[in-house]
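Enquirer: Have a look at the structure that comes next, please.
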Amino acid sequence: MSATIIDGKAAAEKVRAGLAERVLRLKQKGIVPGLAVILVGDNPASQIYVRNKARACENTGIHSRVERMPENTTQEQLHAMIREINGDPAIHALLVQLPLPGHLNEAEALRQILPAKDADGFTLANAGALLTGTKGVLPCTPRGIIELLKGAGVPLQGAHAAVIGRSNIVGKPTALLLLRENATVTVCHSRTRDLASVVSKADIVVAAVGRPGFVTADMIKPGAAVIDVGINRLGDGRLAGDVDFDRVRETAGWITPVPGGVGPVTIAMLLANAVEAAEAYAR
Ligand code: NDP
């Protein structure tokens, strides 16, 4: 049996169509949702991500402000830019594109962002809200993963989920959101003993490792849902996820492709966070 392929582009399109209507309602109240992105330096992947985010904003009727700062920007100059945008009434949501150049402190920079304008949900206030199950801004990729699973009809309650990766931006928040959906969650990382055996018991596998082909078919329980977060650039320039897609699809019940899976829905969730920030501002 071959897995159902979860179409991230279609899921993102559906989210965006709903958002476009909400943007129109805000505009009728005289509010144009605004998202600002700060990009420091010239990391080529970040340049592409920022361009895609700005384009997605324009297609959904969201005002986008992109601030490009040079590689040698100081911590204080970055903080001054964040504070200026915090005070800009045309901007309801703000993100600092990560990774920052090595001389800059990411945690210090994130601390400058007003939690109400935190488009990525990375501030301590919003991370704390996620941990405690209170209202806050959710990080985009984990929010997108739940959207994909629910949209595909994957049962979450009582399911055993294995999340591979424990980063602050993907692994940990995804585990917390799955827990919120009443899944039983195991978080795996580089020190996990017998990872293959842990993963092979899971009904839901989320791979956020950053290693092409890391998840192989023998690790997957027949019928499991496999969400591939990884974005890896291969030697020949192609993009690949963390999952051996061609073989795993023969065993899994559901699977997301790379590209066209988690990526598009992550951007849609960023737009959702921006629209929700503008709606909160309008209230
Ligand atoms: P990080 O590098 O921050 O985290 C990777 C995690 O994988 C770590 O927790 C690490 O464990 C774990 N890991 C590494 N090697 C192994 C191993 N051999 N066995 C088990 N676990 C291992 O990455 P991110 O979370 O930021 O991103 C993960 C991937 O997702 C990347 O490819 C990234 O490009 C992609 N990504 C995609 C997004 C999208 O929109 N589709 C958004 C964000 C990220 P440990 O903590 O022990 O070191």
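The values are calculated or read from the model by the stated rules, or taken from the named source; none is laboratory data. This one's a predicted model, so the numbers in the text were calculated from it and none came from an experiment. Please note: Cβ atoms are built from the backbone with ideal geometry, for glycine as well, and neighbour counts cover all protein chains shown. Ligands, DNA and RNA are stripped out before the accessible areas are found, and what is left, the full protein with its side chains, is counted by its heavy atoms. Shrake-Rupley method; radii C 1.70, N 1.55, O 1.52, S 1.80 Å.
Enquirer: What do you get for the angle between helix 75-86 and the principal long axis of the chain? Use alpha-carbon atoms, 0 to 90 degrees, nearest ten.
Expert: So the inclination is approximately 80 degrees.
Enquirer: Any idea what the alpha-carbon Rg over 2.2 N^0.38 Å comes to for region 30-114?
Expert: 1.06
Enquirer: If you plug each phi of region 114-123 into the Karplus form 6.51 cos²θ - 1.76 cosθ + 1.60 with θ = phi - 60°, what whole-Hz ³J(HN,Hα) values come out, in order, with x for Gly and Pro?
Expert: Those phi angles translate into 4, x, 5, 9, 7, 5, 9, x, 9, 5 Hz.
Enquirer: Put a dot 7 Å past each Cα toward the Cβ at D88 and Q28; how far apart are the dots in nm?
Expert: Distance between the two pseudo-spin positions: 2.8 nm.
Enquirer: Sticking with this structure for a sec: Taking H as built 1.01 Å from N, whose amide H comes closer than 5 Å to the amide H of V40, not counting residues under 5 places away?
Expert: Under 5 Å from the amide H of V40 lie the amide H atoms of M69, Q97, each far enough along the sequence or on another chain.
Enquirer: Based on the alpha-carbon set only, what is the convex hull volume of region 147-280 divided per residue, in Å³?
Expert: Dividing the Cα hull volume of region 147-280 by its residues yields 116 Å³.
Enquirer: First check a/c for region 1-75, with a ≥ b ≥ c the square roots of the eigenvalues of its C-alpha gyration tensor; if it is under 1.5, answer rounded, and if not, answer prolate when a/b is larger than b/c or oblate otherwise.
Expert: Since a/c reaches 1.5 but b/c is at least a/b, the shape of region 1-75 is classed as oblate.
Enquirer: In a shell of Cβ-Cβ distance under 12 Å around H189, excluding H189 itself, what net charge do Lys and Arg (+1) and Asp and Glu (-1) give?
Expert: +4
Enquirer: Relative contact order for the chain: what is it in percent, counting Cα pairs under 8 Å that are at least 6 residues apart?
Expert: 24
Enquirer: What residues have an amide H closer than 5 Å to that of T184, excluding those fewer than 5 places away on the same chain, when H is modeled at 1.01 Å from N in the peptide plane?
Expert: It is G158, A159, H160, A161, by chain and number.
Enquirer: Expressed as an acute angle from 0 to 90° and rounded to the nearest 10, what is the orientation of the C-alpha long axis of helix 262-282 relative to the principal long axis of the chain?
Expert: 40
Enquirer: Karplus couplings for region 39-53 from phi (6.51 cos²θ - 1.76 cosθ + 1.60, θ = phi - 60°), rounded to Hz, Gly and Pro as x?
Expert: After applying 6.51 cos²θ - 1.76 cosθ + 1.60, I find 10, 9, x, 10, 4, x, 5, 4, 4, 5, 4, 5, 4, 5, 5 Hz.
Enquirer: Something else now. Can you give me the long-range amide H partners of R65? Hydrogens built in the peptide plane at 1.01 Å from N, cutoff under 5 Å, separation of 5 or more residues or another chain.
Expert: For R65, whose amide H was placed from the backbone, the distant partners under 5 Å are L35, A36, V37.
Enquirer: Among residues other than L104 whose Cβ falls under 13 Å from its Cβ, what is the net charge (Lys/Arg +1, Asp/Glu -1)?
Expert: Neighbour charge sum, excluding L104 itself: -3.
Enquirer: I'm checking a number: the convex hull volume of the Cα atoms of the chain, normalised per residue, in Å³. What is it?
Expert: 129
Enquirer: Which of the GluC sites (Glu not before Pro) found in region 40-117 are in a DSSP loop and have at most 14 neighbouring Cβ atoms, other than their own, within 10 Å?
Expert: Hits after loop and neighbour filter: E71.
Enquirer: To continue, here is another question. Excluding ligands, DNA and RNA, what is the solvent-accessible area per residue of region 30-114 at a probe of 1.4 Å, expressed in Å²?
Expert: Normalised by residue count, the accessible surface of region 30-114 is 45 Å².
Enquirer: With each run of n ≥ 4 DSSP H residues scored as -39500 (n - 2.57), what mean residue ellipticity at 222 nm is computed for the chain after dividing by its residue count and rounding to the nearest 500 deg cm²/dmol?
Expert: Mean residue ellipticity, 222 nm, calculated: -12500 deg cm²/dmol.
Enquirer: Please compute the contact order of region 123-238 in relative form: average sequence separation of alpha-carbon pairs under 8 Å and at least six residues apart, divided by the residue count, as a percent.
Expert: Relative contact order comes out at 22 percent.
Enquirer: Taking the Cα centre of the chain as the origin, how large is its charge dipole in debye, to the nearest 20, when only Lys and Arg (+1) and Asp and Glu (-1) carry charge on their Cβ atoms?
Expert: 520
Enquirer: Under a GNM of the chain (C-alpha, springs under 10 Å), which listed residue has the highest mean-square fluctuation: V206, V226, V187?
Expert: Among V206, V226, V187, the largest mean-square fluctuation in the Gaussian network model of the chain belongs to V187.
Enquirer: If you don't mind, another one. How much of the accessible area of region 137-283, probe 1.4 Å, is carbon plus sulfur, in whole percent?
Expert: Ligands and nucleic acids excluded, carbon and sulfur give 51 percent.
Enquirer: Given a 1.4 Å probe, how much area per residue of region 140-263 is accessible, in Å²?
Expert: Using a 1.4 Å probe on heavy atoms only, each residue of region 140-263 averages 45 Å².
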